[in-house]
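Below is one structure, written out as structure tokens; comments come after it.
The values are calculated or read from the model by the stated rules, or taken from the named source; none is laboratory data. Source: prediction; values computed, not measured. Heads up, the Cβs are rebuilt from the backbone with ideal geometry, glycines too, and the neighbour counts pull from every protein chain shown. These accessible areas exclude ligands, DNA and RNA; they are computed on the full protein's heavy atoms, side chains included. Shrake-Rupley method; radii C 1.70, N 1.55, O 1.52, S 1.80 Å.
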Amino acid sequence: MMPIPGSGLAKGLAVTLRTMTKRSHTAQYPDVQPELPPRTRGVIGLFEENCTVCMLCARECPDWCIYIDSHKETVPAAVPGGRERSRNVLDRFAIDFSLCMYCGICIEVCPFDALFWSPEFEYAETDILELTHERDKLRQWMWTVPAPPALDPAAEEPKELAAARKAAEKAEAAAAAAAAADAAEAAGPAGSAGPAGPAGSTGPAAPETGAPTPGEADA
């Protein structure tokens, strides 16, 4: 069946007319802040305590906009006779957001959860040099990272929480057993009775009336 000439134009005009009669939903930014999705890619925050200076994020960044400097420090042995170890100490961690294309590869490849997305997007600058955020500023963005969504009530408990709960329960049981043993030991000398005599007496048996004592029998 051949389409009617001009039917496409008529449908387009009909859509335009329907749209013209509807009220627009324009948010008056910046007076009204937008409601952003929870996984909005705004800016990247750094959780410095988790960073091990493995350099994975800098090596995998397609724009090479992550700059990391570090040095090695010697950690003394934890026990006498142990071996000293060396660890990397972070000196600089910076991200140049004038080059960043917000691909999120650095966050995905980080094996220790040191980088997070923040929904904050209001960090425009008049100088392009100010778009290079050093680690102090990246740390401040961490306070704007939303909390992770709650787990499904029917989901299995994470292995880390299960192991921690079992360890806590075992420690509580050991402490309770130790307290019970201490209480029993403390109550033992005070509540113990002497050797039982005949007929269930608690002390030594007294000599019967009229029975000779050992001294009288010898006499």
| Heavy-atom accessible area per residue, the chain, 1.4 Å probe: how many Å²? | 78
| message | Can you give me the angle between helix 7-20 and the longest principal axis of the chain, using Cα atoms only, in degrees from 0 to 90, rounded to the nearest 10? | response | 60
| note | Counting only residues 5 or more apart in sequence or on a different chain, those whose built amide H sits under 5 Å from that of LEU115 are PHE47
| field | Whole-percent carbon and sulfur share, accessible surface of segment 36-110, 1.4 Å | value | 53
| Top positive-direction residue, dipole computed over the chain with Cβ charges, set ALA183, PRO5, VAL145 | PRO5
| remark: Distance in Å, no decimals, from the C-alpha centre of segment 104-183 to the one of segment 12-26 is 46
| Helix 159-191 versus the longest principal axis of the chain: what angle, 0 to 90°, nearest 10, using Cα atoms? | 20
| field | For the chain, Kirkwood radius (reciprocal of mean inverse C-alpha pair distance, Å) | value | 26.8
